Structure formats: C-alpha cells, structure tokens
Amino acid sequence: MLYPLLGAFGLCAGITTLLFGFGGGFFAVPLLYALLLANHEASSLVGQHAMQVAVATSSAVMIVSSALATWRHHRAGSLRWGLVRPLAPSIALGALLGAFAALPLDSTWLRWVFV
C-alpha cells in the first residue's frame, strides 16, 4: 500500500509543479514527515527531528533540480550571468543562516511555520 500512495503523491507533486511551477514541496514535506513518524517513535531522535529531515530532503531535491535547470539554461545561452553573480553571495548567506536557524528548532514549531 505504501508504494501506490507514494506514486499518487508523486503524481500530484508533478501535476502541481507542471501547472504552477512549484508544488512538490507541498506534497513531499508532509508525506516525508508523516512517513518518518509512522516508522519511528515520536520520542526517538528521528521523530524529534522529522520535520527538519523532511524539509532538508525537499531542499536537496530543489538544489539538484535548480542546478540542472541552470546548466540547461547556460547551455542554451539564455542565462545572463552578469545579473546572477551579484545575487550569489546573498543567496548563499541566506541559505546558511536558514539552515543554522532550523537546527535548534523543535519539529512542532517548524511544522507550524511550514504550514
């Protein structure tokens, strides 16, 4: 029953991504969170950090997808690097600050921030 459910959620994530340009995280994060809690005790280390794991997994998928899209745009010559380069330090700093800020947060609080 797990694999058809994962397939259905993947289909929904793909459809919303196709229609709106985003949406996978709306399905992936809650699904991963629920699966982690279903397979681990809430008091376990995994259970205590389930939301961080779900958000980090979704972020990792986004990093790979955005890197692939950037590479394709670069190959097509449609990327204006002169506009992108000045943004890179701010993006990197924001990502680091967000990652470090999420470490001490309780999963319950982070779940409500995500919602």
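Tabulated data
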item: Lone qualifier among L97, L103, L87 - being open to solvent by 90 Å² or more (accessible area, probe 1.4 Å) and in contact (Cβ under 8 Å) with a residue 12 or more places away in the chain; result: L103
item: Filter pass, L68 being on the phi < 0 side of the Ramachandran plot, of a type in the set (A, V, I, L, M, F, W, C), open to solvent by 60 Å² or more (accessible area, probe 1.4 Å) and part of a helix (DSSP H, G or I); result: yes
item: Residues being out of contact with any helix residue (DSSP H, G or I) (no Cβ under 6 Å at 6 or more places or on another chain) and in contact (Cβ under 8 Å) with a residue 60 or more places away in the chain - total across the stretch 48-60; result: 0
item: Residue match in the stretch 73-82 (condition: under 24 Å from G23 (Cα atoms), assigned to a helix (DSSP H, G or I), among the hydrophobic types (A, V, I, L, M, F, W, C) and free of Cβ contacts under 8 Å to residues at least 60 places away in the same chain); result: no
item: Residue list for the stretch 18-32, restricted to those being in contact with a helix residue (DSSP H, G or I) (Cβ under 6 Å, 6 or more places away or on another chain) and open to solvent by 40 Å² or more (accessible area, probe 1.4 Å); result: F27, L32
item: Qualifying positions in the stretch 33-47 - at pLDDT 85 or above and open to solvent by 40 Å² or more (accessible area, probe 1.4 Å); result: A34, L35, L37, A38, N39, H40, E41, S43, L45, V46
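The values are calculated or read from the model by the stated rules, or taken from the named source; none is laboratory data. Values in this document were obtained by computation on a predicted structure and should not be read as measured data. Reconstructed Cβ throughout: ideal geometry from the backbone, glycine too, with neighbour counts over all protein chains shown. Side chains included, ligands, DNA and RNA excluded: accessible areas come from the protein's heavy atoms. Shrake-Rupley method; radii C 1.70, N 1.55, O 1.52, S 1.80 Å.
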